[in-house]
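Peer 1: My questions will all concern the structure given below.
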Amino acid sequence: MSVRHISLRSDNMKPILEVKNMTMDFGGLRAIDSVDLSIEKGQIVALIGPNGAGKTTFFNCITGIYTPTSGDIYISPNGESDKQERINGLKPNIVTRKGLARTFQNIRLFTSMTVLENVMIGCHAVTKVGIMGAIFRGIKTKTEERFIVEKSYSILEKIGLAKYVDELAVNLPYGAQRRLEIARALATNPFLLLLDEPAAGMNPQETMELDELILRIRNTEGISILLIEHDMKLVMSLSEKIYVVDYGRKIAEGTPEEIRHNSVVIKAYLGEEIGEECDA
């Protein structure tokens, strides 16, 4: 049976991700309004809210696609207070190299490439051989390329996609494409994996498999998870802490049990008792 809730935090550790008073403006529109969020080492945390609440914008700020208008984003991969680093304004590829990897709400695979090649691209995002090495293909380059192939195949085995290794990504079933995006993200060696609606479009069987996969990634790889998700049953099952946003503002945070019965959260979801959906 999978371990659902673990804690790797001690009292003298910093959060691995700490967002303080983050605001994001687009002209006269305030998409994120002074939001705080933190994730401890080993946690699975969910960010939920109605459509248009600012969740994906929040992800885009953390991963360098947008530079926040104000506020601070700090990372500390091992929770070490003396190694906390501010990452505001860094380019996405630099943020990836620092250990934050993400998937997208709309699948972004290289559909004309094989499953293995898609994962290899994730590995190449953090490789050390430069342009000259790629041109002259010395021993170091060939050794690294061999390592990338072996690592990519190993990740596919862990994700349960090894049987598709030589298949074009476009030919994969929908649920397998979602898992392939996660595999490519894992290839960048993240300490924090950000999943943007990973269960979107999945059938119940695929969602159940995703639930087990996310737990396995946390429990066996030691990778913390931050996910955006509308499937409340998945959110309540997986998460140790939940943040709720509405119109760009944080309206609640707490354990699944606290969020399930929070009247402000229920109102934000147009009167739907999210606990009922979770228990269905």
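The values are calculated or read from the model by the stated rules, or taken from the named source; none is laboratory data. Since this is a predicted model, take the numbers as computed values, not measurements. Cβ sites come from the backbone with ideal geometry, for glycine too, and all protein chains shown count toward neighbours.
Peer 1: Please give the number of the condition Asp166 fails out of (1) outside the structural domain of Ala46 (by TED's automatic domain parsing); (2) in contact (Cβ under 8 Å) with a residue 40 or more places away in the chain; (3) surrounded by fewer than 22 Cβ atoms within 10 Å (Cβ to Cβ); (4) assigned to a helix (DSSP H, G or I).
Peer 2: Condition (4) is where Asp166 drops out.
Peer 1: Sticking with this structure for a sec: In the stretch 98-135, which residues are crowded, with 17+ Cβ neighbours inside 10 Å, modelled with pLDDT under 90 and among the charged types (D, E, K, R)?
Peer 2: Those that are crowded, with 17+ Cβ neighbours inside 10 Å, modelled with pLDDT under 90 and among the charged types (D, E, K, R): none in the stretch 98-135.
Peer 1: Oh, and also: Working carefully through the options Val245, Val235, find the one that is in contact with a Phe, Trp or Tyr (Cβ under 8 Å, 6 or more places away or on another chain) and either part of a helix (DSSP H, G or I) or surrounded by 19 or more Cβ atoms within 10 Å (Cβ to Cβ) (or both).
Peer 2: Val245
Peer 1: Next up: Looking for whichever is modelled with pLDDT under 95, in the same structural domain as Glu117 (by TED's automatic domain parsing) and assigned to a helix (DSSP H, G or I) here; the options are Glu209, Glu150, Glu157. Which one fits?
Peer 2: Glu150
Yes/no matrix, rows are residues, columns are (1) in contact (Cβ under 8 Å) with a residue 60 or more places away in the chain; (2) in the same structural domain as Thr23 (by TED's automatic domain parsing); (3) of a type in the set (Lys, Arg):
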| site | (1), (2), (3) |
| --- | --- |
| Arg178 | yes, no, yes |
| Ala183 | yes, no, no |
| Gly222 | yes, yes, no |
| Ile225 | yes, yes, no |
| Glu229 | yes, yes, no |
| Lys233 | no, yes, yes |
| Met236 | no, yes, no |
| Pro256 | no, yes, no |
| Lys267 | no, yes, yes |
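Peer 1: If you check every pair at least six apart or on different chains, which have Cβ atoms under 6 Å apart with a residue in the stretch 140-162 that is free of Cβ contacts under 8 Å to residues at least 12 places away in the same chain and on the phi < 0 side of the Ramachandran plot first and a residue that is among the hydrophobic types (A, V, I, L, M, F, W, C) and crowded, with 16+ Cβ neighbours inside 10 Å second?
Peer 2: Partner pairs satisfying both residue conditions: Ala162/Leu156.
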